[in-house]
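Student: Below: one structure in structure tokens.
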Ligand SMILES: Cc1cc2nc3c(=O)[nH]c(=O)nc-3n(C[C@H](O)[C@H](O)[C@H](O)COP(=O)(O)OP(=O)(O)OC[C@H]3O[C@@H](n4cnc5c(N)ncnc54)[C@H](O)[C@@H]3O)c2cc1C
């Protein structure tokens, strides 16, 4: 079973909001040397892949489209237990929208040869478009099931637990298939051991350019975007403090009245 996990490197989404600054010209978050991490749901996808490999055997490959810095995300994935990794990086791909990213990933997967399972996070931790997975499946001409929390071997294929508002849907899926993964108690990412971090630091990670993948320049990069970000702002939050005067009973009565006014209770 050949499994490809698509990993995106992003600015740590756990940074305090006070450190979130927007570059007015590019309309992107300023990197400001903030720490870079694997997009959280992608770690869940990798954990699911590793558990599957432990249960049924297989080979896990990581693929990322991004800056050269994304090698560190791939090394962490290798330390967690993936077998190999490749990075697609090229200035011509920068500024791509989801179609451009999915096009590059699809060519990367084709270059790898074959994938029975392609796993993506259900959404990235920065833009959260939720569409790279489905577009990638469409580009690869394979089916896609989104928001999968668990996967079990079943009848030569898999039973996929898809999270919906009031429970799970159970889908029988037969490879090749693309699944987008969300977090679940069964796919909490493992911590790599020191010896595995050392081993991962010595592994070679091929980097592929657009030319290596024969990427059509009209489908990637800024010139190919179909959706343009018009404005990006940090929401302003106003908080006011009002002191209620009087005896405790009066203060409580006033507080209850205010909460009722605002329909809090
Ligand atoms: C400088 C810059 C300019 C941009 N300009 C535009 C623009 O003009 N228009 C526009 O629409 N968007 C633009 N973007 C947004 C960017 O291209 C989005 O990242 C893209 O639309 C994909 O959406 P998403 O990251 O929200 O992924 P989602 O669809 O939320 O991602 C789902 C999953 O797909 C996989 N995945 C996503 N991206 C990657 C990746 N790079 N490598 C490996 N796997 C991946 C992961 O498994 C991820 O969990 C720009 C971004 C930058 C940094």
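Student: Among rounded, prolate and oblate, which fits the chain when a ≥ b ≥ c are the square roots of the eigenvalues of its C-alpha gyration tensor, a/c under 1.5 means rounded, and a/b larger than b/c means prolate? Present the calculation step by step, with values, prior to reporting the outcome.
Tutor: Details: a/c = 2.02, a/b = 1.56, b/c = 1.29.
Note, shape of the chain comes out prolate.
Student: Order the peptides 50-60, 89-99, 228-238 from the highest to the lowest mean number of other Cβ atoms within 10 Å of their residues.
Tutor: 89-99, 50-60, 228-238
Student: Given only helices, namely DSSP H runs of n ≥ 4 each adding -39500 (n - 2.57), what is the per-residue ellipticity at 222 nm of the chain, to the nearest 500 deg cm²/dmol? It would help to have the intermediate numbers written out before the result.
Tutor: Values: 6 runs with 74 residues, N = 265.
Computed mean residue ellipticity for the chain: -8500 deg cm²/dmol.
Student: As a footprinting exposure proxy, order 142, 88, 22 by other Cβ within 10 Å, with the fewest listed first. Walk me through the numbers on the way to the answer.
Tutor: Numbers: 142 17, 88 25, 22 14.
Listed from fewest to most nearby Cβ atoms, that is 22, 142, 88.
Student: Here is a follow-up. By counting other Cβ atoms within 10 Å of each Cβ, how are 26, 183, 124 ranked from fewest to most?
Tutor: With the fewest neighbours first, 26, 183, 124 line up as 26, 183, 124.
Student: Here's another thing I want to ask about it. For the chain, calculate the relative contact order in percent as a whole number, restricting contacts to Cα pairs under 8 Å that are 6 or more residues apart. Mind showing how you got there, number by number?
Tutor: Numbers: 484 pairs, mean separation 63.9, N = 265.
With pairs under 8 Å counted, the relative contact order is 24 percent.
All of the numbers you see were taken from the coordinates with simple rules; none came from a lab. As the structure is a computational prediction, the values presented were derived from the model and not from experiment. Glycine also receives a Cβ, built like all others from the backbone with ideal geometry; neighbour counts cover every protein chain displayed.
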